[in-house]
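Student: Following this message is one structure expressed as structure tokens.
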Amino acid sequence: MNFDKKMSIYRDAVEDELVKHTALLGGGAGDDVTRAIEYSLLDGGKRIRGILTLEFCEIAMQDDTSTKQALPFSAAIEMIHCYSLIHDDLPCMDDDDMRRGKPSCHIKFGQATALLAGDALLTYAFETIASSGAEPEIIANAVTELAKAAGVKGMIGGQMVDLLNENRTITQEELCQTHAMKTGALISAACRLGVMAGKGNADLLKRADDFGKNLGMAFQIVDDILDVTGNQDRLGKPTGSDADSGKSGFIEVMGMDRSRQMAEEYTQKALLSADSEFLKQLTQMLLHRNM
């Protein structure tokens with residue numbers, strides 16, 4: 001199967017799983033929150049994290065007949081990612097009015113509803129894993145994995161440090177540690193969740209972790225580059241927002257040329273742990289993306 005076709009199949013599978021789970025929400029006082037969730041979650045994101053979960057499940061099983069057991073895990077990781085974007089856009093965080101070419105959740109529904117929509121997605125992610133039908137040990141390990149990646153030693157901790165880094169000079173080491181937590185932890189968890197769903201061994205879990213961490217760093221550097229060089233219409237959000245808000249991103253700390261070089265270096269590191277041709281092509285695609 002060629003790369004584009006497999007990407008399409010994976011993306012559609014993740015999207016269908018998200019639609020299925022959002023259909024179970026709603027009713028009564030929660031209708032406004034449900035509408036905000038649907039608006040933000042079902043808006044055509046790249047689904048890279050969910051796709052990674054499905055691919056690593058397939059690698060773990062060494063069989064492409066079905067990755068059905070990984071679908072709830074892929075949905076859960078996308079819910080966590082979406083919740084983080086809703087909260088990131090709030091005035092108290094990055095204060096962004098646009099997300100993926102349309103008004104941010106808090107612009108459309110108000111700050112209180114957006115805050116609750118993010119909270120609901122965070123909790124629903126764990127409910128989705130818990131009710132996945134996987135073996136109890138796999139569920140316990142998956143919940144622990146996702147909680148750590150999203151928590152104070154992962155994404156939330158990285159977001160906090162990122163806010164503290166605004167309008168101050170930081171080192172390359174501090175910058176890399178921030179984004180290893182803020183971006184890399186969740187991408188690594190997406191890969192590891194796939195291995196867990198496919199009942200992979202400890203060696204594959206370690207390779208998935210290495211791949212995810214390096215891919216996550218390359219992904220963040222490219223994001224920072226696109227914030228300076230990207231097309232606003234294609235990105236679906238204003239460019240130059242990091243510099244305007246005083247953020248210490250890779251361009252501000254390392255400069256454009258060194259940032260491009262580092263993105264390539266982390267991409268090459270990720271490729272060393274890429275256990276399928278699909279992962280290799282995905283890794284290269286993300287390095288050269290324009291949105």
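The values are calculated or read from the model by the stated rules, or taken from the named source; none is laboratory data. Since we're looking at a predicted model, the values are computed, not measured. Quick reminder, even Gly has a Cβ in these numbers, built from the backbone with ideal geometry, and neighbours come from all protein chains shown. Just the protein is used for accessible areas: all its heavy atoms, side chains included, with ligands, DNA and RNA removed. Shrake-Rupley method; radii C 1.70, N 1.55, O 1.52, S 1.80 Å.
Student: Can you give me the accessible area per residue for the chain, using a 1.4 Å probe, in Å²? Please list the in-between numbers first.
Tutor: Working: 13000 Å² over 291 residues.
With the other protein chains kept in place, the chain gives 45 Å² per residue.
Student: Here's something else I'd like to know. Which whole-Hz couplings ³J(HN,Hα) result when phi for each residue of the range 35-52 is put into the Karplus expression 6.51 cos²θ - 1.76 cosθ + 1.60, θ = phi - 60°, listed in order with x for Gly and Pro?
Tutor: Going residue by residue, I get 4, 5, 5, 4, 4, 8, 7, 9, 10, x, x, 5, 6, 4, 5, x, 5, 4 Hz, with x marking Gly and Pro.
Student: Roughly how much of His288 is accessible, in Å² to the nearest 10, using a 1.4 Å probe?
Tutor: Looks like 130 Å² after rounding.
Student: How high is the relative contact order of the chain, in percent, with contacts defined as C-alpha pairs under 8 Å that are six or more residues apart?
Tutor: Numbers: 432 pairs, mean separation 56.2, N = 291.
Relative contact order here is 19 percent.
Student: Computing the accessible area with a 1.4 Å probe over protein heavy atoms, can you report the carbon and sulfur percentage for the range 1-133?
Tutor: Values: 2990 of 5790 Å².
Carbon and sulfur together cover 52 percent of it.
Student: Could you give each residue of the range 153-161 its phi-based ³J(HN,Hα) in whole Hz, using Karplus coefficients 6.51, -1.76, 1.60 with θ = phi - 60°, and x for Gly or Pro?
Tutor: Those phi angles translate into 9, x, 4, 5, x, x, 5, 5, 5 Hz.
Student: If you take every residue apart from Leu24 with its C-beta less than 14 Å away from the C-beta of Leu24, what net charge results, scoring Lys and Arg +1 and Asp and Glu -1?
Tutor: On the way: positive: Lys20; negative: Asp16, Glu17, Asp31, Glu38, Glu127.
Net charge in that neighbourhood comes out at -4.
Student: Probe 1.4 Å, all protein chains in place: accessible area of Leu164 in Å², nearest 10?
Tutor: Accessible surface of Leu164 is approximately 110 Å².
Student: Using amide H atoms built in the peptide plane, which far-off residues or other-chain residues are under 5 Å from Arg99 H to H?
Tutor: Answer set, sorted by chain and number: Ser104.
Student: Another question, if that's okay. Test of the criteria: in the range 140-198, which trypsin sites (Lys or Arg not before Pro) are in a DSSP loop and have at most 10 other Cβ atoms within 10 angstrom of their Cβ? Before the final figure, lay out each step's value.
Tutor: Numbers: sites: Lys148, Lys153, Arg168, Lys182, Arg192; in loops: Lys153, Arg168.
Passing both the DSSP loop test and the Cβ count: Arg168.
Student: In whole angstrom, note down how far apart the Cα centers of the range 131-201 and the range 1-56 are.
Tutor: When both Cα centres are located, 20 Å separates them.
Student: What fraction of the Cα pairs in the chain, stated in percent, has a spacing above 22 angstrom?
Tutor: Details: 24032 of 42195 pairs.
In whole percent, the share of Cα-Cα pairs in the chain beyond 22 Å is 57.
Student: Can you list the HN-Hα couplings for the range 162-167, worked out from phi with the Karplus curve (6.51, -1.76, 1.60; θ = phi - 60°), rounded to whole Hz and with x for Gly and Pro?
Tutor: 4, 5, 5, 7, 4, 6
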